[in-house]
Amino acid sequence: MTFRPFATAMLRAALSALLLLGNGAAAETPTTVKVYKSPTCGCCDAWVDHLKENGFTVETENRDDMESIKAENGIPAKLRSCHTGFVGGYFVEGHVPAADLKRLLKEKPAVAGLSVPDMPIGSPGMEGPNAEAYDVLAVENGGGTRVWASHPAARREAAGAHAH
Ligand SMILES: [Cu+2]
């Protein structure tokens, strides 16, 4: 069959196109974050929206026993905030910016999770007129922390977050 080399080349081209498509689709598939929050937490909902706006799929579950979820997952009391999320084997405690979470999922360090303790004004979901400086902490399995990302005061205002 004289056309066979051509057919084979076509098949190869089609296969690599499929592989490329496959890779592209995989890269764009949103990562699902499971978020536990209290049913009345407004800033938790705002953070969930922030994740969705940044390409994540979010599954939320309202719970009245948030403290026990944090305790069961080894989140030290001083690092706790409102909601607790889980993705890729990590916990995500509090108002962690989507970009810092994406970097965690990309670099995959050997830590237990990320935390923004309390609820600093200016963090995603906690937007306000006087943004505070805050750190996103990487939390090690033993409970030790190191700074994963620092966000300066008033950063989001400068970015025009108030132009609604
Ligand atoms: Cu909050």
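The values are calculated or read from the model by the stated rules, or taken from the named source; none is laboratory data. Since we're looking at a predicted model, the values are computed, not measured. Note: ideal-geometry Cβ built from the backbone for every residue, glycine included; neighbour counts use all protein chains shown.
For this structure, a couple of remarks:
- Any hit, the range 84-103, residues being within 14 Å of the ligand (Cβ to nearest atom), surrounded by fewer than 21 Cβ atoms within 10 Å (Cβ to Cβ) and small (G, A, S): no
- Among the residues making up the range 32-77, a single one is more than 24 Å from T145 (Cβ to Cβ) and touching a Leu at 6+ places or on another chain (Cβ under 8 Å): V58.
- Answer residue from the range 46-83, given it is in a helix (DSSP H, G or I), more than 15 Å from the ligand (Cβ to nearest atom) and farther than 17 Å from L114 by Cα and is farthest from the chain's Cα centre (by Cα) among those: S68
- Within the range 107-126, the set of residues being of a type outside the set (A, V, I, L, M, F, W, C) and either within 16 Å of the ligand (Cβ to nearest atom) or under 11 Å from the mean Cα position of the chain (by Cα) (or both) comprises G113, S115, P117, D118, P120, G122, S123, P124, G125.
- Test: N130 is at pLDDT below 95 and farther than 16 Å from S38 by Cβ: yes
Residue by residue, here is whether (1) under 24 Å from E127 (Cα atoms); (2) touching a Cys at 6+ places or on another chain (Cβ under 8 Å); (3) at pLDDT 95 or above; (4) not hydrophobic (A, V, I, L, M, F, W, C) holds:
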position	(1), (2), (3), (4)
C41	yes, yes, yes, no
C44	yes, yes, yes, no
S68	no, no, yes, yes
K78	yes, no, yes, yes
F86	yes, no, yes, no
L101	yes, no, yes, no
A110	no, no, yes, no
